[in-house]
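See structure below.
The values are calculated or read from the model by the stated rules, or taken from the named source; none is laboratory data. The shown structure was predicted, so the numbers you read here are calculated from the model rather than taken from an experiment. Here the Cβ is made from the backbone with ideal geometry for all residues, glycine too, and neighbour counts use every protein chain on show. The area values use the complete protein model at the heavy-atom level, side chains included, leaving out ligands, DNA and RNA. Shrake-Rupley method; radii C 1.70, N 1.55, O 1.52, S 1.80 Å.
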Amino acid sequence: MATRRKPPAQAWKPGQSGNPKGRPAGTGEVAKLRAAIAGNVPAILESLTTAALAGDVQAARLLLERALPPIKPVEATQALSLPDGTLTEQGRAVLAAVAAGELAPGQGAQLLTAIGTLGKVAEIDELAARITALEATHAKP
């Protein structure tokens, strides 16, 4: 088993770089590649556009994927009244609403997750209250 030696006094401190100036920005391979391509971007875009207009599906896909963000489905909001009972009863009400088609499955899953999280928070609050009560009854006079 190797033993660790104590670093010499002149060694840098944790969190302090041994080479504070470091390599200058823009000198890496990726930066060089980007710089080489940058001058040709207008010609590349024009070539892709011409190919897309001529029927090249891959060129059209590439241009559209980069220019327009993909459309994400959005579920319409749905009002839902949950019972004032326990969290279990509220969860059952959410499942019943999903089963009846009144609520989208994704929304139902999110609501069930939120109810579960609320249950954990309530449990922590209850435990904190119990600990406080125990400490108060066992406190030294």
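Rolling a 1.4 angstrom probe over the protein heavy atoms with all chains in place gives the chain an accessible area of 88 Å² per residue.
Any chance you could check the Cα centroid distance between region 25-43 and region 71-129 for me, in angstrom? First find each Cα centre; the distance between them is then 50 Å.
Computed packing ranks the peptides 102-115, 47-60 as 102-115, 47-60, most packed first, by mean other Cβ atoms within 10 Å. Karplus-based coupling profile of region 94-106, in residue order and whole Hz: 5, 4, 5, 5, 5, 5, 7, x, 7, 9, 5, x, x, with θ = phi - 60° in 6.51 cos²θ - 1.76 cosθ + 1.60 and x standing for Gly or Pro.
Extension gain for Lys32-Val57 works out to 6.0 nm (0.36 nm per residue, less the C-alpha to C-alpha distance). At a 1.4 Å probe radius, carbon and sulfur cover how many percent of the accessible area of region 58-141? Ligands and nucleic acids excluded, carbon and sulfur reach 63 percent.
Sparsely packed loop sites in region 27-88 (the GluC sites (Glu not before Pro) outside DSSP H, G, I, E and B with at most 11 other Cβ atoms within 10 Å) comprise Glu75. With the charge dipole of the chain set up from +1 on Lys and Arg Cβ and -1 on Asp and Glu Cβ about the Cα centre, the Cα lying farthest toward the positive end among the listed residues Ala60, Thr27, Ala79 is that of Thr27.
Only the Cβ atoms of Lys and Arg (+1) and of Asp and Glu (-1) were treated as charged; on that basis the dipole of the chain about its Cα centre amounts to roughly 1440 debye.
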